[in-house]
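The values are calculated or read from the model by the stated rules, or taken from the named source; none is laboratory data. What you see is a predicted model; the values in this text were computed from it and never measured. Here the Cβ is made from the backbone with ideal geometry for all residues, glycine too, and neighbour counts use every protein chain on show.
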Amino acid sequence: MFSGGYGLGTSGRFTEPEAQVFARRAVQLGVPVDQVLTEETATNTGANITLGAKLLSERGVRLQSVLLVTKPYMERRAWATFKKQWPAPQPRVAVTSPQIDYDHYFVGAYPKSHEIRIMLGDMQRIREYPKLGYQVEQEIPPEVWAAYEQLVRLGYGGRAIVPPPDDTSPAIAV
């Protein structure tokens, strides 16, 4: 099951919903087309989880395990969102992403500074979204949060859900 419409990173860049793009690739790699389901309206991680669960339930599919495939920096947030938003009983869940080393990660569609902003926005969500009921809480080691704060001070906080204390720019929700 592939979930995704047009998110912040694909709106205006993809000509069809994310789910269609990824499902087509899976079929090219040998997944039987009759075994593929797509949910094509989700615009964020929470909606990927809830709408995906709804689609599977409507089709009578009961899962024993789930493999979430996401971007490397989103693994923890995807897991935490799944744990909070997938209905009971929850299947076993594992998370994976493309195995890209640091030197090759920043050769994609966005400049390195933009990708760092996206990653920092994700880190802030790991901390803030449990308070909003979107995902389960996770411990963030103090040295990791200190690195986040340093990068924000250096000007990389533009994808934050709420502005950092010293930032006067408007919040951007992703």
* ILE49, sole failed condition from (1) of a type in the set (Val, Ile, Thr); (2) in contact with a Leu (Cβ under 9 Å, 6 or more places away or on another chain); (3) modelled with pLDDT under 95 -> (3)
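Here is a yes/no grid of residues against (1) crowded, with 18+ Cβ neighbours inside 10 Å; (2) over 30 Å from VAL61 (Cβ atoms); (3) in contact with a strand residue (DSSP E or B) (Cβ under 6 Å, 6 or more places away or on another chain):
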position	(1), (2), (3)
ARG92	no, no, yes
SER113	no, yes, no
ILE126	yes, no, no
TYR134	yes, no, no
* What about GLN138, is it in contact with a Lys or Arg (Cβ under 7 Å, 6 or more places away or on another chain) and either more than 18 Å from ASN44 (Cβ to Cβ) or surrounded by fewer than 15 Cβ atoms within 10 Å (Cβ to Cβ) (or both)? -> yes
* Structure fact -> Those residues of the range 1-56 that are part of a loop (DSSP other than H, G, I, E, B), crowded, with 17+ Cβ neighbours inside 10 Å and among the aromatic types (Phe, Trp, Tyr) come to a total of 1
* To do: Answer yes or no as to whether ALA80 is among the aliphatic types (A, V, I, L, M) and within 13 Å of the chain's Cα centre (by Cα).
  => yes
* If you scan the range 57-101, which residues turn out to be among the charged types (D, E, K, R) and farther than 18 Å from ARG125 by Cα? -> GLU58, ARG59, ARG62, ARG92, ASP101
* Are there any pairs, at least 6 apart or on different chains, whose C-beta atoms fall under 7 Å, with the first in the range 1-20 and free of Cβ contacts under 8 Å to residues at least 60 places away in the same chain and the second in a helix (DSSP H, G or I) and polar (S, T, N, Q), and if so, which? -> SER3/ASN48; GLY4/ASN48
* Of the criteria (1) in contact with a helix residue (DSSP H, G or I) (Cβ under 7 Å, 6 or more places away or on another chain); (2) surrounded by fewer than 18 Cβ atoms within 10 Å (Cβ to Cβ), which one ARG59 fails -> (1)
* **Residues of the range 111-122 satisfying the condition of being under 18 Å from the mean Cα position of the chain (by Cα) and free of Cβ contacts under 8 Å to residues at least 40 places away in the same chain** => HIS114, GLU115
